[in-house]
Structures are given as structure tokens and as C-alpha cells.
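**Student:** To start, I am sharing the structure in question, which I have written as C-alpha cells.
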Amino acid sequence: MSATWILTVGFAILLILGFPIVFAIGISSVLALWVLDIDILVLAQHLIAGTQNFPLLAIPGFILAGDFMTAGGLSSHLMKVAGSLVRHVTGGMGMVSVLSSMFFACLTGSAPATTATIGSIMIPEMEKRGYTRRFAAALATSVGPLGQIIPPSIPFIVWGVIAEQSITKLFLAGVVPGIIDGMGYMVVCYFIARRAGIPKEQRASFGEIIKAAYYGKWALFAPIVILGGIYGGMFTPTEASMIGVAYGLFIGLFIYKGMQYSDILPLILRAMRTTAMVMFIISMAAVFGWLLAYEQVPAKIVNLIIGVSTNKIVILLLLNLMLLLIGAVMDNLAAMVILGGLLINLGNQLGIDPIQLGPIIVINFAVGMETPPLGYSLFVGASISGLSIEEISRGMIPFFLVDVGMLMLVSFVPWITLSLPNLILG
């Protein structure tokens, strides 16, 4: 069996057999090295080289900052602010979930963390107010991936390293798509609540809004500190992640007092475990991606796709379909590293701006986080709601349609992703 077959068909078979993604990658890579008669030391070299990029240091920082901010009580204050603004609108409680997730995405950059934090609070609250548990769980699962799109986003950091693009520009490219996606979710909440006859909540008085904003000012200020510093050129994304850690720790301990000193070490250890899993996946995928490039698999696939049609619209539609399917069965970070060469080559062939290509890829894989069979946010949503994956998936159909619409906009309207980077950074 050739190395190409091992890296493609063999890898797919291992996934179908239920092997964890990182072990499927590792086994396929070792077998391919053996068939190609390449020294096994190459495996160690690329495992190390795959993680030796300075921007990747931002990943543990943003993970720990998100954990500190969640434990410290910032997320609950964000939800109070969101509730004071939109709870009186038809579908208002659903909109609170969406707005809270958009705020929270600015703190964590993680889809499962956003789903877990927002869903654990909002699913019971929405159910009390007449929403079905299935809809509440589907909404919490769907809004989680906004953490992958709205900066700071861990997938954007990884893609910036792979494609050698400015992470700051990629962060900016995700802002408008994230806002539009969130607005689409709120429209769905409105029509679902209207059809179900769910009564409106009492409008918050001006005083209540001011009070919520006053007590939530430290939570609202966090994205300004982190993102404002990055976009203003005061510090890099990696430095911003450490500032986020310090900010979350200080606010959690001394302002909101949701954390105790005894919580610090367990939170650090949890962030270390999460970081270790992420970096292990990235390093193994780097070996796999190098072997794919060695066997010229990306170039072959690009030629195959282009051979189907010379029409840019058709190729972009095929690209989105391929990424959606891959995102449903693979870890998004591993998929980006493995397919990096293929996607960069295809983007060059189509004349797509690399800063536009990043959001196309990240949004597709973000949708994969909520899509069966391997969507991490879907698993979290099922766990916190007690519902089956099948039941939640049926409730997510309208949100999935919003996501597909967003993908079409990002793919065919470059202004959606390029306007802010061009306006702010030129």
C-alpha cells in the first residue's frame, strides 16, 4: 500500500473505526514514514517544529484568561447587561443567550466553553419562560461556535501561523461575520418565540440598564482592554492573552470576588490540560500535513477540484461543502494544519485574498463544532441539557441555515471580511 493511500483511505478507516483523531493521525503518519523508508527521527523533528511558533503562545493564555473570567463572575455580569437590553423583545430571552455569547466570545475564543457557560445558565431560564428545552439547548449549542469567529479566536491564531498572515488582521476579519451571524440567530429567536406565543418580559427601566452596566463595567471593559490593545498596536495577540490572564485574575479575586485563592491552581491545571491536548493535536497534525505535502496530495486534490469546473463560484461552493463535511468529522485545529497546504494552494488558484480565506475556513469548521457526529459543542450541549444529540440536532436546523447563509456572504462578498482590516490597518 502506498503512503498516499495510508494517509487518505487508511486515515479515514481509522476514524470510522472510532480511533481518537490524534491517534488516527499518529498511526497513519508512522505507517506512512515506514512505507516511504524515512527515518523515524523525522517524526520527532516535525512534532517539535509544529509547535515552535511564537503566536501559538497565545493559545494557553487565552484559555487560562477565559477560565479565570468565567470563574470570576464576568460571564454572569455580561448576561445581566444583555438581559437589560433585549429581554422585553419577542424572543428576548433567546436574544440574551446570543448577546451573552457574543460578549463571552470576546473573552474566551472557545466554542465548547461558550456553550457550557451560557447554556448552563440560560437553558433552565429559557425553559421557565415557555421555551422548549430542545430549542434552548439547540440555541446554546449553536451560539457556542461564535467563540471561534469573534476575536480573540484560537482557530484564527492557528490559521495565521499556518498561512503566515497577520493574526490581528484575521481577528478583524472575523468581527463583521460574527456580528451578522449573531443577528441572524436573534431573528430566528424572534420568529420561534412569536410562533410559540411566548410572552415578552417586562422592559428594563433606564435605571436598571444603567445599574446593570455599572456593575458589569469590568466585564464589558475586558474586550476593550484585550482587543483594543491588539488593534491599537500596543501589544501582540500573545501579549494580549497574558494581559487577559492578569485582568481576569484581578477582577475575579478583588472586584467581583467570584474566585478564591484556592481556585487558582485547579484553574491553571485545567488550562494546562486543555493546552496540552490542543498542542498535541497541532504537533501530530503538523507531521501528517508534512507527509501529505511530501506526497503532493494537496496539489493533486486542488487539480481534481479545479478539473471539475473552471467556474470560481462552483469551486467555492465545492470548497465550502468539503470543509463542512471535514469539520463534521475532524477536530478543526487538526484539519487546518493537515489541509493548510491544500487550502492555500486552492486560494491562490482562485485569487482569494488570504485574509478572506481565513474566515471562510474558520467559519466552516466552527459550524462543524455544532454538527454531528463529532461536534464538540454539540456534545457539551447534550451533556448540560440531558437531551440526545439527535434531538438537539433537529432543533438546530434553523440556526444551521443561518450559518450557511453567513458562509455564502463571506465566500462571495469579500467586503464582509476585508472592510475592517482595510479600514483600521490599511
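**Student:** Please specify each residue of the range 147-190 satisfying the condition of being of a type outside the set (Phe, Trp, Tyr), over 18 Å from the mean Cα position of the chain (by Cα) and assigned to a helix (DSSP H, G or I).
**Tutor:** 186, 187, 188, 189
**Student:** If you go through the range 273-288 one residue at a time, do you hit one that is assigned to a loop (DSSP other than H, G, I, E, B) and polar (S, T, N, Q)? Write out each step before concluding.
**Tutor:** The initial filter retains those residues of the range 273-288 that are assigned to a loop (DSSP other than H, G, I, E, B), namely none.
There is no residue in the range 273-288 that is assigned to a loop (DSSP other than H, G, I, E, B) and polar (S, T, N, Q).
**Student:** Take the residues of the range 191-207 that are assigned to a helix (DSSP H, G or I) and loosely packed, with under 15 Cβ neighbours inside 10 Å: which is modelled with the highest pLDDT?
**Tutor:** The initial filter retains those residues of the range 191-207 that are assigned to a helix (DSSP H, G or I), namely 191-196, 206-207.
Within this subset, residues satisfying the condition of being loosely packed, with under 15 Cβ neighbours inside 10 Å are 191, 194-196, 206-207.
On the way: 191: 93, 194: 90, 195: 89, 196: 86, 206: 87, 207: 89.
Among those that are assigned to a helix (DSSP H, G or I) and loosely packed, with under 15 Cβ neighbours inside 10 Å, it is 191.
**Student:** With respect to residue 64, is the statement that it is buried (at least 17 other Cβ atoms within 10 Å of the Cβ), closer than 30 Å to residue 338 by Cα, of a type outside the set (Val, Ile, Thr) and under 26 Å from the mean Cα position of the chain (by Cα) true? Before you say what the answer is, go through the steps one by one.
**Tutor:** On the way: buried (at least 17 other Cβ atoms within 10 Å of the Cβ): yes; closer than 30 Å to residue 338 by Cα: yes; of a type outside the set (Val, Ile, Thr): yes; under 26 Å from the mean Cα position of the chain (by Cα): yes.
So residue 64 fits the description; yes.
**Student:** Give the number of residues within the range 3-24 that are at pLDDT 80 or above, surrounded by fewer than 13 Cβ atoms within 10 Å (Cβ to Cβ) and not hydrophobic (A, V, I, L, M, F, W, C).
**Tutor:** 0
**Student:** Something else now. Here is a list: 102, 126. Which entry is closer than 23 Å to residue 214 by Cβ and in a helix (DSSP H, G or I)? Show your work before the answer.
**Tutor:** On the way: 126 fails: closer than 23 Å to residue 214 by Cβ.
None of the other options fit; the residue is 102.
**Student:** Which of the residues belonging to the range 212-226 are free of Cβ contacts under 8 Å to residues at least 40 places away in the same chain and not hydroxyl-bearing (Ser, Thr, Tyr)? Please lay out each step first, then the result.
**Tutor:** So the first thing to find is which residues in the range 212-226 are free of Cβ contacts under 8 Å to residues at least 40 places away in the same chain, and the list is 214, 217, 221, 224-225.
Within the range 212-226, 217, 221, 224, 225 qualify.
**Student:** Which members of the range 25-44 meet the condition of being surrounded by 14 or more Cβ atoms within 10 Å (Cβ to Cβ) and at pLDDT below 85?
**Tutor:** 25, 42, 43
**Student:** Have a look at 248, 258, 232 and point out the one that is within 16 Å of residue 62 (Cα to Cα) and either modelled with pLDDT of 80 or more or out of contact with any helix residue (DSSP H, G or I) (no Cβ under 8 Å at 6 or more places or on another chain) (or both).
**Tutor:** Step by step, each of 248, 258, 232 is checked, and only 248 is within 16 Å of residue 62 (Cα to Cα) and either modelled with pLDDT of 80 or more or out of contact with any helix residue (DSSP H, G or I) (no Cβ under 8 Å at 6 or more places or on another chain) (or both).
The values are calculated or read from the model by the stated rules, or taken from the named source; none is laboratory data. Computed from a predicted structure; not experimentally measured. Cβ sites come from the backbone with ideal geometry, for glycine too, and all protein chains shown count toward neighbours.
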